[in-house]
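Q: One structure follows; several queries about it will come next.
The values are calculated or read from the model by the stated rules, or taken from the named source; none is laboratory data. Predicted model, so just to flag it, every value in this text is computed and none were measured. Glycine gets a Cβ as well: all are built from the backbone with ideal geometry, and neighbour counts include every protein chain shown. Areas reflect the complete protein model, heavy atoms only, side chains present, ligands, DNA and RNA absent. Shrake-Rupley method; radii C 1.70, N 1.55, O 1.52, S 1.80 Å.
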Amino acid sequence: MKKNLTFATIACVSLLSVTLFTGCSKSSDDGPEPPAATTTVFYRLSRENAAADELWQINDDGTNNHQINISLPNGWQLDDEDMAEVSNDGKTIVFLASAENTSKYAMYKCNVDGSNVQPILTNVDNGLALQGFINNNTVLFWQANSNYDYELYSVNLDGGNKKKINISLPEDISLGDEELAKVTSDGKTIVFLTQHKSTEAPSVYKCNIDGSNAALISAEAAGTSLALQDIAADNTILYRKGSNTSDDEELWAVNLDGSNKHKINIALTAGLSLQNEEMAKATADGNLVFSTTNANSEQAIYKAKLDGSGVTLISKIPSHYYVAIQSVKTIQ
């Protein structure tokens, strides 16, 4: 039985909200104003030396921090890092689970509050990792084959129409590792990572949603590791960049056409660094939510502008707990 975790969050920012308006004055006869939209961060919380992970959510002003209670069959638990995605309309969570002491995995869906859990795929061997929603009814994920190589698939939320996405790549290029693919907001383009089979040099590619027309966006040198984080509404690609010779993690951006490739210089206070898991997402209004760590492995969630300026704390994470940001959505 999971225990609900409670801890105080530090909220020292004003509420980021979006107010819808028509551009003309509103009379009292028009009825009440619609509720303001809220930017909500969904994140995995794991405890040191604990087997089970938890899914939490928090508003980007630090309020309403709470665990999303999800009921799973006996012997199943939420699965590790790439475990949850929220639909573009903010109504549905798709998440992964694994069976204890086995290599069996499953994919489920539920309402955004954790209710109405239903299976999508069950008893899958070798591994799954969610990558993103293609549309409100279809998700992109990777599944490991019998050789433990990653292959991209899509599936409808009712479990139907599961299909492999066949991407034609040069013979010496293979798909990358773990956080390897994201979908543009229009559902038409997959951005994905590759790796050179001999040099292990990573690259960023794109293709049509059916896998056709694969094309290079950006190449990196050998000794570099990449992990896709998100694609902003303007199709700016965010990716984590690391080095085999350094523990420092960097956040980089590049346009879909390969232009304007640059490091995002986030104005962190001394002693803080970007953490190395699912650590950055773009908000609907073009800002950034990201997670940090320090020398004591104490982690926190922050927000900033997409250029890295205006850093503001959302919440500190208690000692011996670890965070991986799963999704950031604007919810009405």
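Q: Tell me, which residue of region 237-259 that is hydroxyl-bearing (S, T, Y) and free of Cβ contacts under 8 Å to residues at least 24 places away in the same chain is most open to solvent (accessible area, probe 1.4 Å)?
A: That would be T245.
Quick grid of which residues meet (1) open to solvent by 30 Å² or more (accessible area, probe 1.4 Å); (2) assigned to a loop (DSSP other than H, G, I, E, B); (3) of a type in the set (K, R); (4) within 13 Å of L180 (Cα to Cα):
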position	(1), (2), (3), (4)
Q195	yes, no, no, yes
S198	yes, yes, no, no
S203	no, no, no, yes
K206	yes, no, yes, yes
D210	yes, yes, no, no
L216	yes, no, no, no
A222	yes, yes, no, no
L226	no, no, no, yes
N235	yes, yes, no, no
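Q: Also, quick follow-up: State all residues of region 63-86 that are crowded, with 16+ Cβ neighbours inside 10 Å and either without any contact (Cβ under 8 Å) to a residue 12 or more places away in the chain or in contact with a Cys (Cβ under 7 Å, 6 or more places away or on another chain) (or both); if no residue qualifies, say none.
A: I70
Q: If you take just the strands (runs of 3 or more DSSP E) that sit entirely in region 87-193, which of them hold at least 1 residues that are under 25 Å from T224 (Cβ atoms), small (G, A, S) and open to solvent by 20 Å² or more (accessible area, probe 1.4 Å)?
A: Working: elements: 92-99, 104-111, 118-125, 128-135, 138-144, 150-156, 173-175, 181-183.
Here the list reads 173-175.
Q: Those residues that are basic (K, R) and modelled with pLDDT under 95, I need them from region 242-276; list them, please. Reasoning before the result, please.
A: Going through region 242-276, the residues basic (K, R) turn out to be 261, 263.
Of everything in region 242-276, nothing turns out to be basic (K, R) and modelled with pLDDT under 95.
Q: Anything in region 43-69 that is farther than 19 Å from K329 by Cα and either in a loop (DSSP other than H, G, I, E, B) or over 19 Å from the mean Cα position of the chain (by Cα) (or both)? List them, or say none.
A: If the condition is that a residue be farther than 19 Å from K329 by Cα and either in a loop (DSSP other than H, G, I, E, B) or over 19 Å from the mean Cα position of the chain (by Cα) (or both), then R47, E48, N49, A50, A51, A52 are the ones that fit.
Q: Tell me yes or no: at least one residue of region 260-279 is under 28 Å from D89 (Cβ atoms), in a loop (DSSP other than H, G, I, E, B), of a type outside the set (A, V, I, L, M) and within 15 Å of the chain's Cα centre (by Cα).
A: yes
Q: Can you tell me which residue in region 260-272 is most open to solvent (accessible area, probe 1.4 Å), limited to those that are of a type outside the set (S, T, N, Q) and either out of contact with any strand residue (DSSP E or B) (no Cβ under 7 Å at 6 or more places or on another chain) or over 18 Å from G310 (Cβ atoms) (or both)?
A: A270
Q: In addition: Of all the residues that make up region 273-288, how many are open to solvent by 40 Å² or more (accessible area, probe 1.4 Å) and in contact with a Ser or Thr (Cβ under 7 Å, 6 or more places away or on another chain)?
A: Final tally of qualifying residues: 2.
Q: Please verify whether region 210-221 includes one or more residues that are free of Cβ contacts under 8 Å to residues at least 24 places away in the same chain and closer than 23 Å to E85 by Cα.
A: So far as region 210-221 goes, no, none of its residues is free of Cβ contacts under 8 Å to residues at least 24 places away in the same chain and closer than 23 Å to E85 by Cα.
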